[in-house]
Amino acid sequence: MKHTTDIRVLLRHINRASEFLRWLQADGDHLIASAYLLGGPNWAQRARSVVKAAREGRDLSARRVALKGLQHLLHLDLVQDLKSQEALCFARLHPDDPRADVARQCAEAMSRGVRALEALRLVGIKGSA
């Protein structure tokens with residue numbers, strides 16, 4: 001019975017990772033724009049490399065550091081240093097700006113996707129389309 005539960009959990013992670021890859025392929029431009037909005041051109045370039053890899057069907061596990069960094073950026077973990085580029089970008093953003101909603105949606109998608117890819121990596125499954 002324990003194996004049945006493990007298989008269901010594994011399938012759930014596979015499905016979430018697949019949804020994440022489809023999201024990156026279809027809506028990756030939102031991720032790039034949100035990364036630029038909250039972090040500037042360097043973060044947009046990181047997002048662009050992740051989206052390009054997803055669209056080309058490459059293994060995203062090679063982009064683990066970029067994915068986790070983007071997740072931290074989108075969750076505003078990097079705004080604690082008030083003199084950082086990320087804090088300055090965030091301070092310029094009005095909460096009612098529609099781009100803030102898009103960034104929040106990207107943060108949610110990144111959380112689900114990164115968590116699923118990490119779970120699959122731990123069992124030895126690569127994260128590609």
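Data table
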read-out	value
Residue ranges of helices (runs of 4 or more DSSP H) in region 25-104 with at least 1 members modelled with pLDDT under 95 and within 30 Å of Val123 (Cβ to Cβ)	64-74
Breaking point among (1) modelled with pLDDT of 90 or more; (2) within 12 Å of Leu117 (Cβ to Cβ); (3) surrounded by fewer than 15 Cβ atoms within 10 Å (Cβ to Cβ), for Arg22	(2)
Contacts under 7 angstrom Cβ, first residue in region 34-57 being within 13 Å of Gln85 (Cα to Cα), partner in a loop (DSSP other than H, G, I, E, B) and of a type in the set (A, V, I, L, M, F, W, C), 6 or more apart	Leu37/Leu93
Matching residues, region 34-58, being open to solvent by 60 Å² or more (accessible area, probe 1.4 Å) and either under 19 Å from His72 (Cβ atoms) or polar (S, T, N, Q) (or both)	Tyr36, Pro41, Asn42, Gln45, Arg46, Arg48
Residue check for Ile14: farther than 29 Å from Pro95 by Cα and surrounded by 14 or more Cβ atoms within 10 Å (Cβ to Cβ)	yes
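The values are calculated or read from the model by the stated rules, or taken from the named source; none is laboratory data. Computed from a prediction, not measured in an experiment: that's the story for all the values here. Note: ideal-geometry Cβ built from the backbone for every residue, glycine included; neighbour counts use all protein chains shown. Only protein heavy atoms, including side chains, enter the accessible area calculation; ligands, DNA and RNA are left aside. Shrake-Rupley method; radii C 1.70, N 1.55, O 1.52, S 1.80 Å.
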